[in-house]
Amino acid sequence: MQAELNLTLNVGRPAACTIVMARGAVQNLAEIITSPPSRRAIWVADATVQAAVGNVVDTALRRVFGTVDVITIERGERAKTLAGFGFLIEELERLRADRRTTIFAVGGGSTTDAVGFAASSYLRGIPYVCLPTTLTAQVDAAIGGKVAVNTTAAKNAVGAFYHPSHVIIDPALLPVQLEIPDRDGLAEITKVATISDGALFARLESLPTGGHPAPRVLDELISRAVMAKLALLTKDPFEAELDRLLNFGHETAHALEKALGHGIRHGPAVAIGIAAATRISVDRRLLGEAEGRRVGNLLGRLALPVSIDIDKAAEQRFADALRQVMLVRAGSLRVVLPTRIGHGVIAPAVTIEELTTSIRGVVR
Ligand SMILES: NC(=O)c1ccc[n+]([C@@H]2O[C@H](COP(=O)([O-])OP(=O)(O)OC[C@H]3O[C@@H](n4cnc5c(N)ncnc54)[C@H](O)[C@@H]3O)[C@@H](O)[C@H]2O)c1
């Protein structure tokens, strides 16, 4: 072929994403954001997060930026809607944000997802920084550049891959104690440990049953979980493989969340998904029984559920949601199964019946 043009453009935007994890990082913002594009910052957070960490964040921003404004959004998933997206865009317009304004997403995964998506499209893309304040957001949602809002039909239905310029992980911003729902982040750490980092799994096993990890231990867990996620992401940054290992536990979790609506949080749903996939793996003799027990015991130790009883109607909705997943994956339900602690495979042809039975805590 004689091409008139044959160019490869480097279209990565932003060109780089800096991830800093340090207790007290926010207090030292000037050392991290060394050359802001202008003296203007806008931070976005819900009322709870503002009450919890607003003073610390606002004071830190004012040390670096001349003008600091705040946008108050709704809590949790309520911010992560098309209406929430519209509100954010209009607020950015009202405050005359431009491409040189730095936007800070301060909050849990719903906030970093929603603000990241608004930043990806406002003025065709403006820079933003993530200051995650939940464990789920620190180890998972703020890492990887996946941003989205929900529609009434589906979670994360409208979104983009758009990395923040910085992810500043400061465990001092987490709720004082890892109470529910923030313990949910431990489910995401268990996910990444089970399928890709056996040493991290063993470290989790050394935590006190149902207790709160000491700050030093928590910091270590966060750093290790972020590194484990990044190692898996480097191989598939744009999710070319819909069924990548990072979906471990999530095939079931998303279907359960859809079947039960707001009746279950993401963290417990992921824990049940991890336990269900583990049972199937043991049943198929892909994973030894002793290792299977280790996964169940760890979830129990972290005070996370390993099974759920749902009624017939919910079971039908669960099956329907799984069928939708099957459509996306060209007719085959492919589920990530652990093969030994720290390793997993994407197993083809897992049946809806297998998953429906295994979420109850039994197999076949
Ligand atoms: N983009 C990704 O790769 C990715 C990965 C995992 C999860 N997610 C998304 O993240 C969302 C879940 O995130 P989440 O678990 O962080 O919950 P969330 O963001 O939905 O809600 C967090 C709740 O905790 C409160 N909160 C946050 N920080 C607090 C603090 N320091 N002190 C007191 N309260 C605080 C908030 O007010 C809010 O009510 C889901 O929408 C999920 O889809 C995205």
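A short reminder: the numbers here are calculations on the coordinates, not readings from a lab. Keep in mind it's a predicted model, so treat the numbers as computed, not measured. Note: ideal-geometry Cβ built from the backbone for every residue, glycine included; neighbour counts use all protein chains shown.
Structure notes:
- DSSP bridge orientation in segment 47-197 - percent antiparallel, rounded to nearest 5: 35 percent
- GNM top mover of ALA271, ALA202, ALA154 - the chain, alpha-carbon springs below 10 Å: ALA154
- Within the chain, DSSP assigns beta bridges of which about 30% are antiparallel (rounded to the nearest 5).
- Note on segment 184-358: with charges restricted to the Cβ of Lys and Arg (+1) and Asp and Glu (-1), its dipole about the Cα centre is near 240 debye.
- Unit charges on C-beta of K, R, D, E only; dipole of the chain, Debye: 300 debye
- Within the chain, longest stretch clear of exposed GluC sites (Glu not before Pro) (DSSP loop, no more than 14 other Cβ within 10 Å): 5-178
- Considering all C-alpha pairs of segment 18-173, those separated by over 28 Å amount to 9%.
- Computed [θ] at 222 nm, deg cm²/dmol, the chain (DSSP H ≥ 4; -39,500 (n - 2.57); rounded to nearest 500): -13500 deg cm²/dmol
- Among the chymotrypsin sites (Phe, Trp or Tyr not before Pro) within segment 199-280, those in coil by DSSP and having at most 10 neighbouring Cβ atoms inside 10 Å are PHE238.
- Space enclosed by the convex hull of the alpha-carbon atoms of segment 117-208, per residue, Å³: 129 Å³
- Eligible aspartates and glutamates near LYS312 by straight Cα distance, threshold 20 Å, same-chain separation 8 or greater: GLU251, GLU257, ASP320, GLU353, GLU354
- Förster radius 30 Å - calculated FRET efficiency between HIS212 and ALA51, Cβ distance, rounded to 0.05: 0.90
- With one equal scatterer per alpha carbon and no solvent term, the Debye-computed log10 I(q)/I(0) for the chain at 0.07, 0.14 1/Å reads -0.31, -1.16.
- Here the simple spin-label model places points 7 Å from the Cα toward Cβ, and for GLU179 and ASP58 these points are separated by 2.4 nm.
- Span per principal axis, largest first, for the Cα atoms of segment 184-358 (Å): 44, 35, 31
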